[in-house]
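Novice: Can you keep this structure in mind? I'll have questions shortly.
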Amino acid sequence: MAAITDTERPQALGYYSLKLFSDTHSSPLVDPPKLDEALPGFPSRYDGERVWVGSDMVAKQDEWIVALTDQDKAHIGQALRHFQGLNLGPGALNRETFPLPEELVKRLRTLTHGCYEGRGFAVLRGLDPAAHSDEENVLIFGGISSHVAPTRGFQDLAREMVTCHVLSEDMRPGSKEQNLRPAFTNGRLAFHTDVGDILALFALDVSDTGGETMIVSSSQLYNELAATRPDLLAELGKNWVFFHSQDYYSDGTPLITNTASNQLVFQFSRLPITGFRSQKGNPTLPPLTAKRLEAMAYVEELAWKHAFPLPRQPGDIAYINNLCLMHARSAFDLDAEGNPLPSKRHLVKLMLQDPDMAWELPGHLEWYSKRLYGPNREDGTREETWQLSVKDERLPDGRIWAGSGALSNG
């Protein structure tokens, strides 16, 4: 099948669509065009632990799940009580105010190394959310995470909020007027990256059906693009309008970047282009060419091909390198007609960075680190806002809207 040319005008990508057209789609070419050489500044292919396919990771769970012992959980409970006794706000959570034994800290640091230097993700297992209040669970999440990666990123345009509660709002009165982002529905999420180094997701509860967090190696996608559609890979390496959400973007940035240490950074989202439900795509973005729409469709196809679902148990904390992995979500708790059902699925999200292990990013990406992890006060200090719970008795139905004020690329 011949590649789509830039003179053609394809139908717009839909948020959920895997195909660019209804009757044809991007596919490996029988005789793919060859690049004269690797993309400037990139290797011809990536190797190492960050290159994997989902089927291999399913068989290696013992290598990336760190299980807490009963003694570990007792120490975490002691750290929580210690912090509570200090009468400090949650923004004061750090390694000193949430002290843990050295042996446990060493195991938590293996999560950090797994994210930055290994396969790009790890899971901490064994917490029991039912044993604590929502507020205590979020404090435990923040306290443990301060040992994994101590700097928390802002998740809202105002650069204040560091927590985000991820629940479906599909069943709430007024949801159609809220212009929900996909993350706050029962539907599937397309593959994307958020903004930040390490995406941390704490499962307070899980859905009855579906709702798995899917992850995929961006380096694996690069290698397959290089082998099957190098023309589309070259397109991703050109300057695009670099979008992170429908609310802001910067001009002239490639979607793929290679760091000085040969680390692939792949930043990607289709939401600003496709929009979602009644909310159209970002009108300030210039229209994409057919070639770029084709590249976006093929990336999504390859991502679902090579991804795998992280196991889901209440109490799991997934740490995911957002720079080198993409993530998505399967649909959950739907009836036979595909309509949303009430769901108890509830994740809490942090965006983290370890300054000692953070990758040295090229200049065109420095802005995002400063925006997320830099000071937010004129005197050069940081002040954080935490939502310890979605419950709020002052509101008609007793809780806040999930993710209110937070940004999401999916």
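Novice: Give Leu350, Leu341 a once-over and let me know the one that is under 22 Å from Gln155 (Cβ atoms), out of contact with any Pro (no Cβ under 8 Å at 6 or more places or on another chain) and hydrophobic (A, V, I, L, M, F, W, C).
Specialist: Leu350
Novice: Could you tell me which of the residues Leu104, Leu157 is closer than 20 Å to Ala67 by Cα and among the aliphatic types (A, V, I, L, M)?
Specialist: Leu104
Novice: Name the residue that is modelled with the lowest pLDDT, counting only residues in segment 246-301 that are assigned to a strand (DSSP E or B) and polar (S, T, N, Q).
Specialist: Ranking the qualifying residues of segment 246-301, first place goes to Ser250.
Novice: Still on this structure, I have one more. Within the bounds of segment 365-382, is there any residue that is within 24 Å of Gln220 (Cβ to Cβ) and out of contact with any helix residue (DSSP H, G or I) (no Cβ under 7 Å at 6 or more places or on another chain)?
Specialist: Yes, segment 365-382 contains a residue that is within 24 Å of Gln220 (Cβ to Cβ) and out of contact with any helix residue (DSSP H, G or I) (no Cβ under 7 Å at 6 or more places or on another chain).
Novice: State which residue is modelled with the lowest pLDDT when the search covers only segment 379-402 and only residues that are within 13 Å of Glu160 (Cα to Cα) and not polar (S, T, N, Q).
Specialist: Filtering segment 379-402 for residues that are within 13 Å of Glu160 (Cα to Cα) and not polar (S, T, N, Q), the one modelled with the lowest pLDDT comes out as Arg382.
Novice: If you take the residues in segment 370-399 that are touching a residue at least 40 places away in the same chain (Cβ under 8 Å) and farther than 15 Å from Ala158 by Cβ, which one is surrounded by the fewest Cβ atoms within 10 Å (Cβ to Cβ)?
Specialist: Among residues in segment 370-399 that are touching a residue at least 40 places away in the same chain (Cβ under 8 Å) and farther than 15 Å from Ala158 by Cβ, the one surrounded by the fewest Cβ atoms within 10 Å (Cβ to Cβ) is Asp397.
Novice: A further question follows. Among the residues of segment 319-328, is any surrounded by 14 or more Cβ atoms within 10 Å (Cβ to Cβ), in contact with a Lys or Arg (Cβ under 6 Å, 6 or more places away or on another chain), modelled with pLDDT under 95 and among the hydrophobic types (A, V, I, L, M, F, W, C)?
Specialist: No; the residues of segment 319-328 include none that is surrounded by 14 or more Cβ atoms within 10 Å (Cβ to Cβ), in contact with a Lys or Arg (Cβ under 6 Å, 6 or more places away or on another chain), modelled with pLDDT under 95 and among the hydrophobic types (A, V, I, L, M, F, W, C).
Novice: Check segment 20-30 and report whether any residue there is under 30 Å from Ala183 (Cβ atoms), surrounded by 15 or more Cβ atoms within 10 Å (Cβ to Cβ) and modelled with pLDDT of 95 or more.
Specialist: no
Novice: What number of residues within segment 272-294 are over 22 Å from Ala183 (Cβ atoms), touching a residue at least 40 places away in the same chain (Cβ under 8 Å) and either exposed (fewer than 13 other Cβ atoms within 10 Å of the Cβ) or charged (D, E, K, R) (or both)?
Specialist: 4
Novice: For segment 58-65, indicate whether the set of residues that are aromatic (Phe, Trp, Tyr) and in a helix (DSSP H, G or I) is non-empty.
Specialist: Yes, that holds for at least one residue.
Novice: Considering each residue of segment 193-216, count those that are in contact with a helix residue (DSSP H, G or I) (Cβ under 7 Å, 6 or more places away or on another chain) and within 14 Å of Ile320 (Cα to Cα), and give that number.
Specialist: 6
Novice: Please state which one of Asn409, Asn376 is of a type outside the set (A, V, I, L, M, F, W, C), over 20 Å from the mean Cα position of the chain (by Cα) and modelled with pLDDT under 95.
Specialist: None of the other options fit; the residue is Asn376.
Novice: When you scan segment 77-120, how many residues do you find that are over 30 Å from Trp52 (Cα atoms) and surrounded by fewer than 19 Cβ atoms within 10 Å (Cβ to Cβ)?
Specialist: So the answer is 20.
Novice: On the basis of being touching a residue at least 40 places away in the same chain (Cβ under 8 Å), crowded, with 22+ Cβ neighbours inside 10 Å, of a type in the set (D, E, K, R) and touching a strand residue (DSSP E or B) at 6+ places or on another chain (Cβ under 7 Å), does Asp194 make the cut?
Specialist: Against the criterion (touching a residue at least 40 places away in the same chain (Cβ under 8 Å), crowded, with 22+ Cβ neighbours inside 10 Å, of a type in the set (D, E, K, R) and touching a strand residue (DSSP E or B) at 6+ places or on another chain (Cβ under 7 Å)), Asp194 qualifies.
Novice: For segment 132-181, which residues satisfy the criterion of being within 18 Å of the chain's Cα centre (by Cα) and either more than 15 Å from Gly196 (Cα to Cα) or assigned to a helix (DSSP H, G or I) (or both)?
Specialist: Scanning segment 132-181 gives Phe141, Gly142, Ser145, Val148, His165, Val166, Leu167, Ser168, Leu180, Arg181.
Novice: With respect to the numbered conditions (1) closer than 17 Å to Tyr116 by Cα; (2) surrounded by 19 or more Cβ atoms within 10 Å (Cβ to Cβ), which one is the sole condition not fulfilled by Val348?
Specialist: (1)
Novice: With respect to Ala328, determine if the residue is of a type outside the set (S, T, N, Q), under 30 Å from Ser17 (Cβ atoms) and out of contact with any Gly (no Cβ under 8 Å at 6 or more places or on another chain).
Specialist: Criteria not met by Ala328.
Novice: Continuing with this model, one more query. Given the conditions (1) within 17 Å of Thr253 (Cβ to Cβ); (2) in a strand (DSSP E or B), report the number of the one that Asp194 does not fulfil.
Specialist: (2)
The values are calculated or read from the model by the stated rules, or taken from the named source; none is laboratory data. What you see is a predicted model, and the numbers here were worked out from it, not measured in a lab. Positions of Cβ are backbone-derived with ideal geometry, glycine not excepted, and every protein chain shown enters the neighbour counts.
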